[in-house]
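Undergrad: Sharing a structure with you now.
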Amino acid sequence: PSAEAKASQGEKKMLPEGAALTDPLKKERQRDDFLREDLPLSNIKGSLFYHPGHTWIKVEKADEIRVGVDHFLGTLLRKVNVVILPLPGRRGVQGENLCSIIQEEGILQIVFPVSALILSVNQKLKDQPDLIRKDPLGDGFLLTLKPKDFQRDQKSLFSGDEALSWCRREWERFKGTVISEFP
């Protein structure tokens, strides 16, 4: 093969697995199209509560809630390598570190959306960590908690129309950040 062909093969080897060389203008057009879209607000469910740390909460029973990452964050995640979940029985305070999502791009910390005791963790995420991205509102949930004082913590959560407004603001803030990062 020619020197150009060898260089091209070398470049492909340096790209992440599954990536291909693309036309930079095409990539720019894709980014622009993505930023013009509205985040699918239909993914805000009226039966869920949302924490500003981009987690959702579903009340399962009077003393048990299920927690996962919201659709907004799930959409932004890329290849998830590992989800580091805490051990059941651990207690945490709203805003403290709950778990970590490890991607090729780095580590994302998820915080306790409410003060609670960890009842169980989603064992599926050990073998299929990408579920957190592919099905954040379903099989990709993180864990179940027993809230310490859900009524008190609920004051810092969003639901219903308030959750829709919050999600719109977050999407606009995200788009503004992305646009300011690129010329």
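The values are calculated or read from the model by the stated rules, or taken from the named source; none is laboratory data. On a predicted model such as this, the values are computed, not experimentally measured, just so you know. Because the Cβ atoms are built from the backbone with ideal geometry, glycine has one as well, and the counts that use them run over all protein chains shown. All accessible areas refer to the heavy atoms of the entire protein, side chains included, with ligands and DNA or RNA removed. Shrake-Rupley method; radii C 1.70, N 1.55, O 1.52, S 1.80 Å.
Undergrad: Residues to consider are R168, R173; find the one that is free of Cβ contacts under 8 Å to residues at least 40 places away in the same chain, open to solvent by 80 Å² or more (accessible area, probe 1.4 Å) and not in a strand (DSSP E or B).
TA: None of the others qualify; the one that does is R173.
Undergrad: Further, regarding this structure: Take L142 and decide whether it is without any contact (Cβ under 8 Å) to a residue 24 or more places away in the chain and surrounded by 20 or more Cβ atoms within 10 Å (Cβ to Cβ).
TA: So L142 does not fit the description; no.
Undergrad: Please identify the pairs in which a residue from region 102-125 that is basic (K, R) has its Cβ atom under 7 Å from the Cβ atom of a residue that is surrounded by 14 or more Cβ atoms within 10 Å (Cβ to Cβ) and in a helix (DSSP H, G or I), counting only partners at least 6 apart or on another chain.
TA: Hits for this filter: K124/L131.
Undergrad: Name the single residue, out of those in region 113-132 being open to solvent by 10 Å² or more (accessible area, probe 1.4 Å) and aliphatic (A, V, I, L, M), that is farthest from K155 (Cα to Cα).
TA: L131
Undergrad: While we're looking at this one, here's another question. Would you say V69 is at pLDDT 95 or above and either open to solvent by 60 Å² or more (accessible area, probe 1.4 Å) or under 14 Å from the mean Cα position of the chain (by Cα) (or both)?
TA: no
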